[in-house]
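Heads up: the structure comes next, in structure tokens.
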Amino acid sequence: MIAKRFRGVASVAIAGLVIAVAAGCAPAADDSGSGETSLTIALADDYNTLDPALASTAAGYSLLMSLYDRLVVLDADGQIAPSLASEWEATPEVITFTLRDDITCSDGSEVTATQVAASLSRLADPETASPHRNRTFGTGDVTVTGDDATGTVTVQNSLPFNDMILGLTAPWAGITCGAGNSDPSTLDDAPTGTGPYTLSADGAMQGSQYTLERRDEYTGNPYGLSTDQLASTITYRVITDPGTTTNELLSGGIDLGAPLPSDYPALEAAPELTKNELSVNGSIFLYFRQADGAPLADANVRKAITETFDLGEAVAVGSGGTGVQGPSWLAPTVQCAGGTESVLPTGDTTRAEQLLTDAGYARGADGIWAKGGAPLTLTLVVAEEEGQGAEFIASEMTAFGIDLVIDQRTFGETLDTMAATSNWDIGVFPYGPPIGTPSSALGYFLSAGATNWAGVNNAEFDALATQAISAPPESDERCDLWEQAQASAVGNADLLPLWTPAAFWFSGSSIANPSDLRSPSGYSIDPASIAVAG
Amino acid sequence: MTATGAVRQIEHAVGRTRVRSWVRYLTVRVGASLLMLVVLTFVAFLIVRLIPGDPARLIAGPDATPELVASIRARLGLDAPFSQQLTDYFGGVLQGDFGTSLRTGQSVAELVAQRLPFTLQLTIAALVLAVCLGLALGITAAYLTRDGGHPTFERAFVLTTGAVGVVPEIAIGAVLVSLLAVELQFLPASGSSGFAALILPALTVGLRPGFNLARVVRVEMLEILAQPFIQTAHSKRLTQTRIAIVHALPNTMTAILTLAGLLFAYLIGGVVVVENLFAWPGLGSTLVSAVVNRDYPVIQALILVMGALIVVGNLIVDIALGIIDPRIALQQHG
């Protein structure tokens, strides 16, 4: 009797467990026939804040783009396209935007030109200490004014900076409104914005997961999707282990995620998944410390070492076969990238020998190049992520006769070493700006640049870059000047572009337009560009 | 004085001695635990400052001007002298104030309060699993293999427990996820939604110590089963289950409890890797993220809290051991 009762209880318990487990394993996307659709997206990192002016992580940008629309966005061809602004007029110093008349704020308040101006003024205000301030506006003083009568917003810069309009397509230029404008400290817990989604308090835990709910009154999707095509709920899950992202994609636990390249074959074999490549803005380049007294202060020595290895092979090894050769510090997809084909090194070791000889070096009996008895000893600092490519380059340089020391560190330490010490000669610089503008890395190469850690002093580059940033935004002259500036920097061996990494995302069948997903940087996807299937 | 009175006096004297021994035992144990917490607090403060990398630069990004990096450093209090940072830290800890996250601005105490239940949930689930598995396997193996019985089973037991006992959690987790989440899609591969999500992380953390515990339990049980009082129990025709549970098992409790204390400490360490693997929102995954982002206050607090869990766990085990076997308190401090 007891045994029978126990069996009965056990059966119920097991059935309950199976139901609970099955419920926990429900597919990520759901369309129960009620018209409600949901997506689950993996974030590789957490956000630091939902205040757009201060957010600084790729995960944060995904959330920002869900909550706050920008005045303009980039279209599939990398050109400026309307969003909250229906039209605009731009010069290097002034941009005047005309706003759409149907913009709504998530808290129901009115979105006026004054509100938009207040949101952008905060980003431009040095007191806000936004890490994106100079990226967006350059170093000039900026005034943003709104005219509610005409529905226009004017951004006035005291210095010419024609990348302003590109900067305003970035996630951190998202427009806040309502309570978030009057008290930005509320943005973290109760963000009020102009974007297609609002943050739900249900089940949200920082560092774990966030649920966003579609605003049904939202209009004006910049990518041409109707509000009904967007998922009614998006759950962002923080999954920092890329292997876990792969498992979740394969088991249907998430609909969109960026796994490790080593897992691509397994994911490509899954018929329900689609692989999508998203362009990134930055590139990995060699940055040469050329301060007075440093071995690489001599341009001939810098040029010589760039000829000691095959650039194509370095690109293939360093990017695991998925990246492409970058033209400069810019990725090939960034506006005005290029112009350096004729000055890139060709792996000509004979030229390298000649250049070193011209610089006063001679190869010693031990095969190491030396000058005045002192061997050419260089320290190459590299972040762990780029270790494989750096090892290839180092082995080629060593074989050529350079006494090379590899100093492999974390990304943060690599930056610290280059920024604050002289304990390096060559840095494998992992440059990944969250938005692609030609001026994005200017500070590293301008002789008076605030981040000119290498001590670059290239007057020709300084002049060309200054002219380029001041040219009319839509003119041919602008890109011509930028290409000349890139050729000057690469030709002078102030940097050697290596590879532009590829960003691949895999999506499940619940996403209807995997090839149309839009991203400012490849590492965060604009949810307004995701159409849900069914 | 009558004989009865003398006996009572002796009993009182023995009682007083026991109470005194217990007070001394507890004082020493609690005092040592408090001292360890103080040392831990100091070590946590020092360790984070040994992690290379400037958190202000990480927050500001590589493009940031030196002025912006300096202003962020000042805002975070990282430009204050070392001694002042240390004083502020100790003062805050004493008031339960661990500061705010450098990265998110969230109160660290609030963060710990949010994450601690998840870590405790996972650790306790894994501990229960390990102890149940260890006891069930160990006792069964002892019964089957005593007096040289079932040599094939013994070999299989030694081989299996030995093999699983040395496999890293990350490998156990990978196999379990691959089989139960990816292939069979029976359990979620990660996350913290519902009981189902707890099963794989708990198995990943608990299997290895469970198999190791089984080996210990078997050895202990074999020793107990060879004792004369067990032979007496057999001669009374008591059932095997009764002999195992009522007579043999309690005699292994001292060893098992001691091991459980060590296991708890081991599991707290183990969850750091496993929480990250399963995107389980506990202290471990938070610690990994904080280290990556040089989030000093969070790292300090988590080292302290996780260390405190181990210290408190061991204190509880010590007290439990003293209760189960009073000779421990008497012998050490009598």
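The values are calculated or read from the model by the stated rules, or taken from the named source; none is laboratory data. Please read these numbers as outputs of a predicted model, since none were measured by experiment. In this analysis, Cβ positions are derived from the backbone assuming ideal geometry, glycine residues included, and neighbour counts consider all displayed protein chains.
With the requirement that a residue be more than 20 Å from A:E89 (Cβ to Cβ), of a type in the set (A, V, I, L, M, F, W, C) and away from chain B (no Cβ under 14 Å), what does the range A:124-148 give you?
Across the range A:124-148, there are no qualifying residues.
Does B:F211 satisfy the condition of being at pLDDT below 95 and within 12 Å of chain A (Cβ to nearest Cβ)?
Answer is no for this residue.
Just for the range B:53-84: of the residues that are assigned to a loop (DSSP other than H, G, I, E, B) and among the aliphatic types (A, V, I, L, M), which one is farthest from the other protein chains (Cβ to nearest Cβ)?
B:A80
Each row is one residue, and each column tells you yes or no for (1) surrounded by 24 or more Cβ atoms within 10 Å (Cβ to Cβ); (2) farther than 23 Å from A:I530 by Cβ.
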site	(1), (2)
A:I165	no, yes
A:L168	yes, no
A:T176	yes, no
A:G180	yes, yes
A:P184	no, yes
A:D189	no, yes
A:L199	no, no
A:D202	no, no
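Within 14 Å of chain A (Cβ to nearest Cβ), hydroxyl-bearing (S, T, Y) and not in a loop (DSSP other than H, G, I, E, B): is that true of B:T232 in this structure?
no
In the set B:V177, B:V205, which member is buried (at least 20 other Cβ atoms within 10 Å of the Cβ) and within 14 Å of chain A (Cβ to nearest Cβ)?
It is B:V177.
Among the residues of the range B:146-154, is any within 30 Å of A:T240 (Cβ to Cβ), away from chain A (no Cβ under 12 Å) and either among the small types (G, A, S) or touching a Lys or Arg at 6+ places or on another chain (Cβ under 8 Å) (or both)?
Taking every residue of the range B:146-154 in turn, none turns out to be within 30 Å of A:T240 (Cβ to Cβ), away from chain A (no Cβ under 12 Å) and either among the small types (G, A, S) or touching a Lys or Arg at 6+ places or on another chain (Cβ under 8 Å) (or both).
Regarding B:M306, is this residue under 30 Å from B:R57 (Cα atoms), surrounded by 17 or more Cβ atoms within 10 Å (Cβ to Cβ) and either touching a helix residue (DSSP H, G or I) at 6+ places or on another chain (Cβ under 7 Å) or of a type in the set (A, V, I, L, M) (or both)?
Yes, satisfied.
Going through A:S488, A:S507 one at a time, which residue ends up being under 23 Å from the mean Cα position of the chain (by Cα), among the polar types (S, T, N, Q) and modelled with pLDDT of 95 or more?
Just one listed residue meets the conditions, A:S507.
Under the condition of being farther than 21 Å from B:R75 by Cα and of a type outside the set (A, V, I, L, M), which residue from the range B:86-109 is surrounded by the most Cβ atoms within 10 Å (Cβ to Cβ)?
Result: B:Q95.
Name the single residue that is farthest from the other protein chains (Cβ to nearest Cβ) among those in the range B:33-52 being assigned to a helix (DSSP H, G or I) and farther than 30 Å from B:V317 by Cβ.
Restricting to residues being assigned to a helix (DSSP H, G or I) and farther than 30 Å from B:V317 by Cβ, the top hit is B:R49.
Can you list the strands (runs of 3 or more DSSP E) found entirely within the range A:25-129 that contain at least 2 residues being of a type in the set (D, E, K, R)?
Of the strands (runs of 3 or more DSSP E) lying wholly inside the range A:25-129, those with at least 2 residues that are of a type in the set (D, E, K, R) span A:85-90.
Mind checking which residues of the range A:153-187 are assigned to a loop (DSSP other than H, G, I, E, B) and closer than 23 Å to A:S521 by Cα?
Residues satisfying the conditions are A:F161, A:N162, A:D163, A:L168, A:T169, A:A170, A:G174, A:I175.
Does the range B:210-218 contain at least one residue that is surrounded by fewer than 18 Cβ atoms within 10 Å (Cβ to Cβ), of a type in the set (V, I, T), in contact with a Phe, Trp or Tyr (Cβ under 9 Å, 6 or more places away or on another chain) and part of a helix (DSSP H, G or I)?
The answer is no, given that none of the residues of the range B:210-218 is surrounded by fewer than 18 Cβ atoms within 10 Å (Cβ to Cβ), of a type in the set (V, I, T), in contact with a Phe, Trp or Tyr (Cβ under 9 Å, 6 or more places away or on another chain) and part of a helix (DSSP H, G or I).
Report whether or not B:M253 is at pLDDT below 85, in contact with a helix residue (DSSP H, G or I) (Cβ under 7 Å, 6 or more places away or on another chain) and of a type outside the set (V, I, T).
Spelling it out, B:M253 is indeed at pLDDT below 85, in contact with a helix residue (DSSP H, G or I) (Cβ under 7 Å, 6 or more places away or on another chain) and of a type outside the set (V, I, T).
Within the range A:441-466, can you find the residues that are surrounded by 24 or more Cβ atoms within 10 Å (Cβ to Cβ) and closer than 16 Å to A:G138 by Cβ?
A:A441, A:L442, A:Y444, A:F445, A:A465
I'm told B:S192 meets every condition in (1) hydroxyl-bearing (S, T, Y); (2) at the interface with chain A (Cβ under 10 Å from one of its Cβ atoms); (3) in a helix (DSSP H, G or I); (4) in contact (Cβ under 8 Å) with a residue 24 or more places away in the chain except one. Can you identify the failing condition by its number?
Every listed condition holds for B:S192 apart from (3).
Check whether at least one residue in the range A:398-414 is of a type outside the set (A, V, I, L, M, F, W, C), modelled with pLDDT of 95 or more and in a helix (DSSP H, G or I), and report yes or no.
Yes.
Can you name the number of the only condition in (1) in a helix (DSSP H, G or I); (2) surrounded by fewer than 20 Cβ atoms within 10 Å (Cβ to Cβ); (3) within 12 Å of chain B (Cβ to nearest Cβ) that A:D228 fails?
The single condition A:D228 does not satisfy is (3).
Conditions tested, residue by residue: (1) surrounded by 15 or more Cβ atoms within 10 Å (Cβ to Cβ); (2) modelled with pLDDT of 90 or more.
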{"residue": "B:L111", "(1), (2)": "yes, yes"}
{"residue": "B:I124", "(1), (2)": "no, yes"}
{"residue": "B:V164", "(1), (2)": "yes, no"}
{"residue": "B:L187", "(1), (2)": "yes, yes"}
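Restrict the check to the range A:285-307 and report whether at least one residue is within 14 Å of another protein chain (Cβ to nearest Cβ) and in a loop (DSSP other than H, G, I, E, B).
Within the range A:285-307 (the criterion being within 14 Å of another protein chain (Cβ to nearest Cβ) and in a loop (DSSP other than H, G, I, E, B)), the answer is no, since none of the residues qualifies.
Collect the residues in the range A:237-256 that are within 12 Å of another protein chain (Cβ to nearest Cβ) and touching a strand residue (DSSP E or B) at 6+ places or on another chain (Cβ under 9 Å), keeping them in residue-number order.
A:R237, A:V238, A:I239, A:T240, A:P242, A:T244, A:T245, A:T246, A:E248, A:L249, A:G253, A:I254
Return only the number of the condition from (1) assigned to a helix (DSSP H, G or I); (2) farther than 29 Å from B:T140 by Cβ; (3) not charged (D, E, K, R) that B:M221 does not satisfy.
(2)
Within the range A:419-435, how many residues are more than 9 Å from chain B (Cβ to nearest Cβ) and over 13 Å from B:D63 (Cβ atoms)?
Selection size over the range A:419-435: 8.
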